[in-house]
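S.K.: Sharing a structure, written as structure tokens. Questions coming.
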Amino acid sequence: MRNIFTAILLLSNPVFGGEWIVTKGGLSPDKKLAVAVFPQKTEFIDEADDTVLLIDQTAGRRIGPLEEVSSSGGTWGSTTTNVHCMWSPDSTILIVNYRTGRLMHSSQIYRIRDRRAIPLSMPAAKTHPKGKLLDGLGSTANPDSEITMMNDGTILRRDWGYVPDFSVDYSKHGLTGFEGELLFHYRFDKQGQLELHDITVPSAP
């Protein structure tokens, strides 16, 4: 009887997953959710489970995989260092930056609703007047990007690796000093959709 009672307790209590670890920046501000990855069992990352999970942090249970992202790093780095995250202060917007190659990264934005991560698409550069200047531009062998969130709620995507068209005077279009790196400024409209608000050049250090 004691063994049966113990089994019932184990089944009724949350099972805390010790096999995953929370990524850098993965814990939501309200401490209810987290983003986690599986540590490698060997030194070879191509043998690792590259799943990135959304976790119910209060119960220690997995909610489900974030299918748009991976911790594989394009076979570079490690599963525990290839993914880092940023949350909005109200824990409703999640940004996941992840490695995709030796010198390459990508990003995905999610809206958190009812403990689910809904992937959001970012408007193309051509939706802003300055974006027309980017048509046909080449890129270096290792184009890269990273997304952050500013204190005012602006989502900022930093892209580098462009090869400028030196026949174009970018300063006439508000892009003075464009040498291959740009900042894309996004904001949410009244319907909750992302819109491209501006394209700028990073300030000189």
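S.K.: Would you point out which residue out of Met122, Met86 is crowded, with 17+ Cβ neighbours inside 10 Å and part of a loop (DSSP other than H, G, I, E, B)?
M.R.: Met122
S.K.: Can you tell me which residues in the range 104-147 are more than 17 Å from Glu179 (Cα to Cα), among the small types (Gly, Ala, Ser) and touching a Lys or Arg at 6+ places or on another chain (Cβ under 9 Å)?
M.R.: Ser106, Ser107, Ala117, Ala125
S.K.: Suppose we filter the range 42-87 for residues that are farther than 24 Å from Glu146 by Cβ and touching a strand residue (DSSP E or B) at 6+ places or on another chain (Cβ under 9 Å); how many remain?
M.R.: Summing the residues that are farther than 24 Å from Glu146 by Cβ and touching a strand residue (DSSP E or B) at 6+ places or on another chain (Cβ under 9 Å) in the range 42-87 gives 8.
S.K.: Taking the range 77-121 only, how many residues are in contact with a Ser or Thr (Cβ under 6 Å, 6 or more places away or on another chain), within 19 Å of Tyr186 (Cβ to Cβ) and free of Cβ contacts under 8 Å to residues at least 40 places away in the same chain?
M.R.: Counting residues in the range 77-121 that are in contact with a Ser or Thr (Cβ under 6 Å, 6 or more places away or on another chain), within 19 Å of Tyr186 (Cβ to Cβ) and free of Cβ contacts under 8 Å to residues at least 40 places away in the same chain gives 1.
S.K.: Related question: Kindly evaluate Glu195 against the criterion of being among the acidic types (Asp, Glu) and within 22 Å of Ile118 (Cα to Cα).
M.R.: yes
S.K.: Based on what the data block shows, is Lys130 surrounded by fewer than 17 Cβ atoms within 10 Å (Cβ to Cβ) and either closer than 30 Å to Pro29 by Cα or at pLDDT 90 or above (or both)?
M.R.: When the stated conditions are applied, Lys130 does not pass them.
S.K.: Further question: Answer yes or no: is there a residue in the range 134-141 that is under 17 Å from the mean Cα position of the chain (by Cα) and either in the same structural domain as Val69 (by TED's automatic domain parsing) or among the hydrophobic types (A, V, I, L, M, F, W, C) (or both).
M.R.: Scanning the range 134-141 turns up no residue that is under 17 Å from the mean Cα position of the chain (by Cα) and either in the same structural domain as Val69 (by TED's automatic domain parsing) or among the hydrophobic types (A, V, I, L, M, F, W, C) (or both).
S.K.: Please go through the range 53-84 and give me each residue that is among the hydrophobic types (A, V, I, L, M, F, W, C) and within 27 Å of Ala141 (Cβ to Cβ), ordered by number.
M.R.: Val69, Trp76, Val83
S.K.: Every residue in the range 17-42 that is surrounded by fewer than 18 Cβ atoms within 10 Å (Cβ to Cβ) and of a type in the set (S, T, N, Q), please.
M.R.: Passing the criteria: Gln40, Thr42.
The values are calculated or read from the model by the stated rules, or taken from the named source; none is laboratory data. Just so it is clear, the model here is predicted, and its values are computed rather than measured. In this analysis, Cβ positions are derived from the backbone assuming ideal geometry, glycine residues included, and neighbour counts consider all displayed protein chains.
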